[in-house]
Amino acid sequence: MISEILHTTGNYEDWEASLFQKVTRILNLEKGETVLNEGQVARSLYYILQGAVYQFRSGDDALQIIDLHTHGNWFFNYSSFVNQEPSQLTIAAYTDSTVLELDIEAVHYLIGRSNLFLQLNKIMMAPVARLNFFDDSLTPLEKYTFVMERASGLVQAFPLKFIASYLKIAPETLSRVRLQWARGTNAS
């Protein structure tokens with residue numbers, strides 16, 4: 001199983017997959033448990049084996065959802081991990097979850113043992129795709145379509161107010177967009 005997770009980032013020899021398995025660990029998180037608090041420096045990459053995890057900022061009147069993750073996804077705080085600076089957000093389990101942890105020292109160790117582990121950089125590219133949500137040229141319907149085409153499991157795993165915050169739209173707008181999207185997909 002852990003070998004299969006590694007192979008989501010590239011092709012590796014059996015000994016490399018075995019080495020990866022030795023330096024990772026499994027964490028069982030309870031709902032609400034955090035893996036990174038605001039102000040801490042991110043030291044690990046995580047892969048969700050089971051459950052759902054979210055990244056957020058606490059605002060004056062509500063949570064600002066930064067990212068949502070479900071089974072089969074890597075997650076981490078990009079800015080804090082890459083720059084080794086205090087996190088501006090919190091990462092917590094939305095449901096009881098099981099995750100694979102790969103800490104920064106293990107990443108360096110793996111790359112030192114084999115240059116093929118540089119393929120782990122593919123994990124770093126996922127947050128870049130999310131930048132589309134900050135592009136004002138995307139309409140709410142385009143944002144929702146993006147989620148439904150690439151990560152439809154989010155809609156089953158998280159409440160609609162989380163989805164709306166993640167997409168940077170009002171919950172009322174999300175309701176209208178969902179209806180519009182449903183009509184458009186049923187017409188096809």
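Residue check: is LEU89 outside the structural domain of PHE158 (by TED's automatic domain parsing) and within 15 Å of the chain's Cα centre (by Cα)?
yes
What's the number of the condition HIS7 fails, among (1) within 14 Å of ALA92 (Cβ to Cβ); (2) without any contact (Cβ under 8 Å) to a residue 40 or more places away in the chain?
It is condition (1) that HIS7 fails.
Determine, yes or no, whether THR90 is farther than 21 Å from ALA164 by Cα and not charged (D, E, K, R).
So THR90 does not fit the description; no.
Of everything in region 30-86 that's surrounded by 14 or more Cβ atoms within 10 Å (Cβ to Cβ) and of a type in the set (Val, Ile, Thr), which residue is farthest from ASP103 (Cα to Cα)?
Per the criteria, the residue is ILE65.
Would you mind finding the one in VAL99, VAL41, VAL82, VAL23 that is in contact with a Pro (Cβ under 7 Å, 6 or more places away or on another chain) and over 22 Å from SER165 (Cβ atoms)?
When all the criteria are applied, what remains is VAL41.
If VAL177 passes every condition in (1) at pLDDT below 90; (2) over 18 Å from ILE66 (Cβ atoms); (3) among the hydrophobic types (A, V, I, L, M, F, W, C) but one, which one does it miss?
If we test VAL177 against (1) at pLDDT below 90; (2) over 18 Å from ILE66 (Cβ atoms); (3) among the hydrophobic types (A, V, I, L, M, F, W, C), just (1) comes out false.
Do we have PHE158 as at pLDDT below 90 and surrounded by 15 or more Cβ atoms within 10 Å (Cβ to Cβ) here?
No, not satisfied.
The values are calculated or read from the model by the stated rules, or taken from the named source; none is laboratory data. Just so it is clear, the model here is predicted, and its values are computed rather than measured. Using ideal geometry, Cβ is built from the backbone for each residue, glycine included, and neighbour counts are taken over all protein chains shown.
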